[in-house]
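Visitor: Sharing a structure, written as structure tokens. Questions coming.
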Amino acid sequence: MTTATPDVTPAGAPAGAPSAARDTATPGPVRGRTGGAARLRALDGLRLIAALMVAAYHYGGRNGDISRAWGGSPTHQFPYFSSAFAYGCLGVQIFFVISGFVICLSGWGRTLRSFVASRISRLYPAYWAAILLVTAVFALPWVAFKALAPSEVLTNLTMLQYPLGVHRVLGVCWTLWAEMRFYALFALCVVLPGATRGRVVLFCAGWTLAAALAQSAHEPFLTTVLMPQYAPFFIGGVGLYLLHRFGPRDPVAWTIVLVSWLIGQHYAVAGLWHAPSAHAFSYRSATVIIAIVTLGFAAVAAVALGAFRRADWRWLTVAGALTYPFYLVHEHLGWVVIGALHRGAGVPSYATLLLTVGLMLALAWALHRWVERPLTPRLRGAIDRRR
């Protein structure tokens with residue numbers, strides 16, 4: 001899930017400024033006019049909400065290793081909320097919509113080298129730290145979760161372990177693999193030739209059609225490249241950025257968003273809905289799935305169209321800074337913390353849940369402060385020396 005959180009440098013921002021402070025700054029006011037940068041702090045807050053949704057899913061909305069941490073199924077720990085937590089996995093789809101918006105924002109007017117440098121420097125420092133940290137913790141003799149072999153850990157550092165079929169250190173890395181494919185498509189089709197409204201519209205239309213054809217062709221390579229099940233969310237986010245940049249009276253941009261929502265809710269329901277079953281952990285209603293996807297699109301649309309312009313609180317920038325490192329470390333290290341607090345120290349379930357989220361946010365702040373802030377600008381500068 002990052003869901004990786006992209007960065008962008010507004011006019012006048014120092015090259016070494018923390019990336020989170022640039023994540024949601026626009027290159028100019030809406031509707032394509034030139035001028036000073038406008039902050040979109042509400043998008044930082046929305047990103048953190050999506051991350052907390054995913055955490056709720058990992059901690060109380062599924063079975064698997066988390067059941068070992070709790071000492072039993074989360075349905076027993078949270079009898080009134082586990083069914084609601086099961087919908088938290090839809091935070092990933094909301095992440096993808098936000099990513100489509102911000103990557104279009106970030107790539108507009110950038111050279112290919114600058115765009116690639118921004119993506120690599122944004123994704124890898126915290127990711128490397130999370131890989132090493134989780135591996136080290138899982139190697140401790142009193143931790144009941146298996147660490148990977150050294151060769152597998154080294155392969156994980158590339159962020160290509162998922163397509164290579166190597167065991168993952170971080171369970172959430174599959175979303176980063178989806179993000180990387182989106183970045184590559186956007187870079188080749190939009191950033192390389194130069195971003196224009198017409199080119200972005202063509203990219204959205206072409207990818208939508210190609211993804212549908214890939215789905216019908218059942219060709220694994222095309223499915224891997226074009227990601228039919230995730231493409232609508234990225235494309236919808238790009239369409240919302242067009243509305244932000246050029247204004248709400250754009251029927252083409254609205255068409256992109258509407259078609260993306262229609263296709264996206266289909267894939268969300270197809271992937272998460274199942275008939276009621278006594279053997280399943282939870283039952284997700286198709287109506288609720290559609291409602292959450294719709295709310296995700298609507299929330300990003302509200303930010304894009306300025307509905308939350310007054311939400312200009314500095315703490316939202318901090319929230320945005322914590323989201324990516326929190327997303328990386330919360331699942332696996334959360335298992336360890338939950339086991340220590342609940343089974344080891346006898347802390348009640350709900351208190352354990354809140355304490356675990358708080359500790360993971362504190363760890364995320366440490367990773368941002370002592371890993372991302374010093375390493376991101378250095379890595380970016382090493383790749384793009386013209387900055």
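Visitor: Based on the Cβ-Cβ distance from R197 to V225, what FRET efficiency comes out when R0 is 25 Å, to the nearest 0.05?
Guide: 0.50
Visitor: Using 0.36 nm per residue, how much length does the chain from W142 to Y80 gain when fully extended, once their Cα-Cα distance is taken away?
Guide: That works out to 19.1 nm of additional length.
Visitor: Going by a ≥ b ≥ c, the root eigenvalues of the Cα gyration tensor, does the stretch 252-371 fall in the rounded group (a/c under 1.5), the prolate group (a/b larger than b/c) or the oblate group? Intermediate values should be presented prior to the final figure.
Guide: Details: a/c = 2.70, a/b = 1.24, b/c = 2.18.
Since a/c reaches 1.5 but b/c is at least a/b, the shape of the stretch 252-371 is classed as oblate.
Visitor: Check M227: other-chain or 5+ apart residues with amide H under 5 Å from its amide H, H built from backbone geometry?
Guide: Amide H neighbours of M227, under 5 Å, 5+ apart: none.
Visitor: While we're looking at this one, here's another question. Which one, H58, A42, V137, projects farthest toward the positive side of the charge dipole computed for the chain from Cβ point charges (K/R +1, D/E -1)?
Guide: Selected residue: A42.
Visitor: Counting Lys +1, Arg +1, Asp -1, Glu -1, what net charge surrounds C173 among other residues with beta carbon under 14 Å of its beta carbon? Write out the running numbers ahead of the final one.
Guide: Working: positive: R168, R181; negative: E152, E179, E331.
Within the 14 Å Cβ shell, the charges total -1.
Visitor: Let me ask something else. Using label points projected 7 Å from each Cα along Cα→Cβ, tell me how many nm separate W365 and W174, to one decimal.
Guide: Label at W365, label at W174, 3.3 nm between them.
Visitor: Taking all protein chains as present, what is the carbon and sulfur share of the accessible area of the stretch 145-187, in % to the nearest whole number, probe 1.4 Å?
Guide: Carbon and sulfur together cover 67 percent of it.
Visitor: For the chain, compute Rh as the Kirkwood radius over C-alpha pairs and then the Stokes-Einstein diffusion coefficient at 20 °C and 1.002 mPa s; write the answer in µm²/s, rounded to an integer.
Guide: Translational D for this selection: 101 µm²/s.
Visitor: Label-point separation (nm) for R385 and L262, each offset 7 Å from Cα along Cα-to-Cβ?
Guide: Going by the 7 Å Cα→Cβ label model, 5.1 nm.
Visitor: How much of the accessible area of the stretch 52-135, probe 1.4 Å, is carbon plus sulfur, in whole percent?
Guide: After summing per-atom areas, the C and S share lands at 64 percent.
Visitor: Let me spell out the model: positive unit charges on the Cβ of Lys and Arg, negative unit charges on the Cβ of Asp and Glu, origin at the Cα centre of the chain. What dipole size does that give, in debye rounded to 20?
Guide: Magnitude of the dipole: close to 1140 debye.
Visitor: Once you have the alpha carbon radius of gyration of the stretch 36-126, what is it after dividing by 2.2 N^0.38 Å, with N set to its residue count? Before the final figure, lay out the partial values.
Guide: Working: Rg = 17.7 Å, N = 91, 2.2 N^0.38 = 12.2 Å.
Relative to the rule-of-thumb radius for its length, the stretch 36-126 sits at 1.45.
Visitor: What's the center-to-center distance, using Cα atoms, between the stretch 142-180 and the stretch 204-249 in Å?
Guide: Each part reduced to its Cα centre gives a spacing of 26 Å.
Visitor: So with the 1.4 Å probe, I'd like the accessible area per residue for the chain, rounded to whole Å².
Guide: Accessible area per residue: 43 Å².
Visitor: Rounded to the nearest 500, what is the chain's calculated 222 nm mean residue ellipticity when only DSSP H runs of at least 4 contribute -39500 (n - 2.57) each, over all residues?
Guide: For the chain, the value works out to -20500 deg cm²/dmol.
Visitor: Answer with one residue from A298, L359, L316: the one whose Cα lies farthest towards the positive end of the charge dipole of the stretch 244-387, charges on Cβ with Lys, Arg +1 and Asp, Glu -1.
Guide: Looking along the dipole axis, the top candidate is L316.
Visitor: Quick one: 3J(HN,Hα) in Hz for the stretch 46-54, Karplus 6.51/-1.76/1.60 with θ = phi - 60°, rounded, Gly and Pro as x.
Guide: Whole-Hz 3J(HN,Hα) from phi for the stretch 46-54: 5, 5, 5, 4, 4, 5, 5, 4, 5.
Visitor: Around R68, with a cut-off of 12 angstrom between Cβ atoms, what is the net charge of the other residues, counting Lys and Arg +1 and Asp and Glu -1?
Guide: +1
Visitor: Using a simple charge model, +1 on the beta-carbon of Lys and Arg, -1 on the beta-carbon of Asp and Glu, nothing else, what dipole does the stretch 250-387 show about its Cα centre, in debye to the nearest 20?
Guide: Dipole of the stretch 250-387, to the nearest 20 debye: 600 debye.
Visitor: While we're on this one: Please give, to one decimal in nm, the separation of the simple spin-label points placed at H274 and L355, each 7 Å out from Cα toward the Cβ.
Guide: Label-label distance for H274 and L355, simple model: 3.3 nm.
Visitor: Picking from I263, A187, Q229, whose Cα lies most toward the positive end of the charge dipole for the chain (charges on Cβ: Lys, Arg +1; Asp, Glu -1)?
Guide: Checking the options against the dipole of the chain, the answer is A187.
The values are calculated or read from the model by the stated rules, or taken from the named source; none is laboratory data. As the structure is a prediction and not an experimental result, all values here were calculated from the model. Because the Cβ atoms are built from the backbone with ideal geometry, glycine has one as well, and the counts that use them run over all protein chains shown. Keep in mind that these areas ignore ligands, DNA and RNA; they rest on the heavy atoms of the full protein, side chains included. Shrake-Rupley method; radii C 1.70, N 1.55, O 1.52, S 1.80 Å.
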